[in-house]
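Every read-out reported here was derived from the displayed coordinates using simple, explicitly stated rules and does not represent laboratory data. Since we're looking at a predicted model, the values are computed, not measured. Every residue, glycine as well, gets a Cβ built from its backbone with ideal geometry; the counts of neighbours run over all protein chains shown.
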Amino acid sequence: MELNPGPKCNDILIGSLNTRSAISHAAEVCDLVCGESLDVAALCETRTRIGQHDAINRDFVPDGYDVINDPRTDGRRGGGLAILFRSSLNVVNVVSKSTRTTYDLLLAAIDTGGDRILLANIYRPPDTNLNTFFEELADLFDEFSGGRIVFAGDLNCPGDSPDCVDTRLDVLLSCYNLVAVNDGPTHLHHNGRLNKLDLMFECESDRRLSEVKTVIVGFSDHRLLKARLRCHRVQTATATYSYRDYKRMDIVGLRRFLLSRPSWTSPASDPNVVAAQLDVDLQRAIDKFAPVRTRSKRPSQSKSPWLTTECVAAKRDRRRLERQFARTKSDEDRVAYRRVCRSTNKLFRDARSSYVRHQLDEKRDNPRQLWKTVKALLHPGQQRQWFEGQNTEQLASSISAFFANKLRSVKISVAAGL
């Protein structure tokens, strides 16, 4: 036990959730990530698609965050992994050499400035063979044995009771000195049955996760796993700026001051001297009534500006029914809870859509602000370049030849018509 653990401002909050389509629940995912103040979130079953525009594939990314998306490439429906992270963090994709046919994997390195920690986001479809999965998972553990790594995701390995996993998975984790840090069920079946499908685990000899808890989210039948990750994190840089407070300036006092200055009481006859007098008097006046002030600020926290009072009230009502169902576990309370979950999800989507429409209508007469709003909706600069993987020198030559031939054809057509 630490006698004086000190402040925890250097830690980061990480989460893991099977979203059951982050595309369909973009508004709810944004609100959850901001509301829980997550720094990094490992998401399963995002259902993003290859080739789909980032306006859709990144719609669940809140302001101030970035994402590494990994859609399925084999044509199967569903699936898809993502790692959301604050833009102030340095998170990069890492490639694993392990062969895998029974699960999806998205691996990322979190560089906090003082530590480099790997985060493995795992999703196993329930229709894959468990024995093969355990063999392939062991290969993954072998590959990253001894490294600083945290595993999280939906492994779909339920046990005989709601708060345990398959015994074979337990044995495998213990063989590699890994320990699961979350307790209790993480999944609510439509018939009310509870299971432990989602896990967050780490090396037992290098424990970095603490304050682990599960959060019922309402839009998914899985629960959010949330934990504090201990690391040496470089403090976020503050922005220092200078300004003059013209809005609170004493206009009457400023006028009285200027009327008492030499440029007004005894102006010189030479225009150049008058200009110099005015420059000196105005500078003194502005320094006296609106002096330069210096302030420092940290980057603001991401928020959900579209969240209405009705949404907040619906969330409160949903949490109340969550607690009631958790206490009684009755079928009647489960049905009531699922009903309010669906209505709350619809309310969130409608509120976000209404907010976006209002923003566009409000800036219709201001092209610069309108384009800025549209750019934010389209997530520009994140799409893969259309020329990626091609010989750019050869591509430039072919484009040049194409337009030269066009101009040549136009010239011939015009000359023939004269």
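Worth pointing out:
- The listed peptides 22-31, 223-232, 204-213, ordered by packing as a protection proxy, come out as 22-31, 223-232, 204-213 (highest mean of other Cβ atoms within 10 Å first).
- Among 360-367, 170-177, the order from most to least packed when residues are scored by Cβ within 10 Å on average: 170-177, 360-367
- Sequence of W371, W306 once ranked by neighbouring C-beta atoms within 10 Å, starting from the fewest: W371, W306
- Remark: the chain carries a charge dipole of roughly 1960 debye about the Cα centre, counting +1 on each Lys and Arg Cβ and -1 on each Asp and Glu Cβ.
- Histogram of C-alpha separations across the chain, 20 Å bin width, %: 20, 43, 22, 13, 2
- Share of pairwise Cα-Cα distances greater than 21 Å in region 249-318 is 57 percent (whole percent).
- The chain: DSSP helices with Cα axial extent of at least 18 Å and average Kyte-Doolittle hydropathy no lower than -1.0: 130-143, 271-289, 392-417
- Separation of alpha-carbon centers, region 309-369 and region 60-92, rounded to whole Å: 23 Å
- Calculated mean residue ellipticity, 222 nm, the chain: -12500 deg cm²/dmol, from DSSP H runs (n ≥ 4) at -39500 (n - 2.57) each, averaged per residue and rounded to 500.
- Residue exposure sequence - F85, F348, F257, F201 - by fewest surrounding Cβ within 10 Å: F257, F201, F85, F348
- Most mobile of V33, V94, V252 in a GNM of the chain (Cα contacts under 10 Å): V252
- Dimensions of region 144-191 based on its C-alpha atoms, expressed as ranges along the principal axes with the largest first, amount to 41, 17, 15 Å.
- Globularity ratio of region 309-378, using Cα Rg and 2.2 N^0.38 Å: 1.63
- Here each label is just a point 7 Å from Cα along the line to Cβ, and for D142 and N129 those points are 1.7 nm apart.
- Of the peptides 244-251, 351-358, the ranking by mean beta-carbon count within 10 Å, highest at the top, reads 351-358, 244-251.
- When the chain is treated as a Gaussian network with alpha carbon springs shorter than 10 Å, the biggest mean-square fluctuation among G146, G159, G253 belongs to G253.
- Based on the convex hull around the alpha carbon atoms, region 12-229 presents an average projected area of 11.3 nm².
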